[in-house]
Amino acid sequence: MPMLGLGPDLCPLHATTGLPCPGCGVSRGLSMLSQGEFLLALGANPFVVFLWPFFLVLGVTAFLPQARVNEMERSLDRLEPWFSRVFRVLFAAFFGFGFLRLGYFAISRDWFP
């Protein structure tokens, strides 16, 4: 996947207003991170640092035997309260960052890439 995207703008908010949504830059950032461009990926959307390993784990588990996946799920059940708290914090941070970035670009009228 090209680092600068595939061409068409897939975000309806960005396509209509030129302003970024919280998820704008995630696809490009994941592509940049996959190609070793860490700083460019952070500039596209800093949450790719959390998403890339998540997608990597999902991809690996797709190739594991179902018995192993079930065993992993049982072991992760013990950590569920911790995962739940971390998820809530990351979720709030993701949307908080998105709204701050949206506000910045709305006020400054800079073009979001």
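The values are calculated or read from the model by the stated rules, or taken from the named source; none is laboratory data. Keep in mind that this is a model prediction, so the values were computed, not measured. Glycine also receives a Cβ, built like all others from the backbone with ideal geometry; neighbour counts cover every protein chain displayed.
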**Report entry** Test set (1) among the aromatic types (Phe, Trp, Tyr); (2) over 29 Å from Asp9 (Cα atoms); (3) touching a helix residue (DSSP H, G or I) at 6+ places or on another chain (Cβ under 7 Å) - Trp82 fails condition number
**Finding:** (3)
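From Gly5, Gly18, Gly36, Gly43, which residue is on the phi > 0 side of the Ramachandran plot and modelled with pLDDT of 85 or more?
Values: Gly5 fails: modelled with pLDDT of 85 or more; Gly18 fails: modelled with pLDDT of 85 or more; Gly43 fails: on the phi > 0 side of the Ramachandran plot.
Just one listed residue meets the conditions, Gly36.
Of Leu51, Leu42, which residue is of a type outside the set (Val, Ile, Thr), over 18 Å from Tyr104 (Cβ atoms) and in contact with a helix residue (DSSP H, G or I) (Cβ under 8 Å, 6 or more places away or on another chain)?
Details: Leu42 fails: over 18 Å from Tyr104 (Cβ atoms).
Of the residues listed, the single one that is of a type outside the set (Val, Ile, Thr), over 18 Å from Tyr104 (Cβ atoms) and in contact with a helix residue (DSSP H, G or I) (Cβ under 8 Å, 6 or more places away or on another chain) is Leu51.
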Query raised in the report: Given the conditions (1) surrounded by fewer than 14 Cβ atoms within 10 Å (Cβ to Cβ); (2) in contact with an Asp or Glu (Cβ under 9 Å, 6 or more places away or on another chain), and given that Pro53 satisfies all but one, which numbered condition is not satisfied?
Result: (2)
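When you check Leu79 against the structure, is it over 15 Å from the mean Cα position of the chain (by Cα) and among the aliphatic types (A, V, I, L, M), yes or no?
Working: over 15 Å from the mean Cα position of the chain (by Cα): yes; among the aliphatic types (A, V, I, L, M): yes.
So Leu79 passes the test.
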Report task. Please indicate, with yes or no, whether at least one residue in region 6-27 is more than 23 Å from Phe99 (Cβ to Cβ), in contact with a Ser or Thr (Cβ under 9 Å, 6 or more places away or on another chain) and free of Cβ contacts under 8 Å to residues at least 24 places away in the same chain. Result -> yes
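Take Ser34 and decide whether it is closer than 24 Å to Tyr104 by Cα, surrounded by 11 or more Cβ atoms within 10 Å (Cβ to Cβ) and not charged (D, E, K, R). Give the derivation first.
Values: closer than 24 Å to Tyr104 by Cα: no; surrounded by 11 or more Cβ atoms within 10 Å (Cβ to Cβ): yes; not charged (D, E, K, R): yes.
Criteria not met by Ser34.
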Query raised in the report: Considering only region 64-79, how many residues are under 16 Å from Phe54 (Cα atoms) and either acidic (Asp, Glu) or part of a helix (DSSP H, G or I) (or both)?
Result: 4
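Within region 12-22, does at least one residue satisfy the condition of being in a helix (DSSP H, G or I), hydrophobic (A, V, I, L, M, F, W, C) and farther than 21 Å from Leu90 by Cα? Reasoning before the result, please.
Step one: of region 12-22, the residues in a helix (DSSP H, G or I) are 12-17.
Cutting the leftovers down to hydrophobic (A, V, I, L, M, F, W, C) gives us 13, 15.
Now narrow it down to the ones that are farther than 21 Å from Leu90 by Cα: 13, 15.
Yes; the residues of region 12-22 include at least one that is in a helix (DSSP H, G or I), hydrophobic (A, V, I, L, M, F, W, C) and farther than 21 Å from Leu90 by Cα.
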Query raised in the report: Going by the structure shown, is Val69 of a type in the set (Val, Ile, Thr), surrounded by 11 or more Cβ atoms within 10 Å (Cβ to Cβ) and over 20 Å from the mean Cα position of the chain (by Cα)?
Result: yes
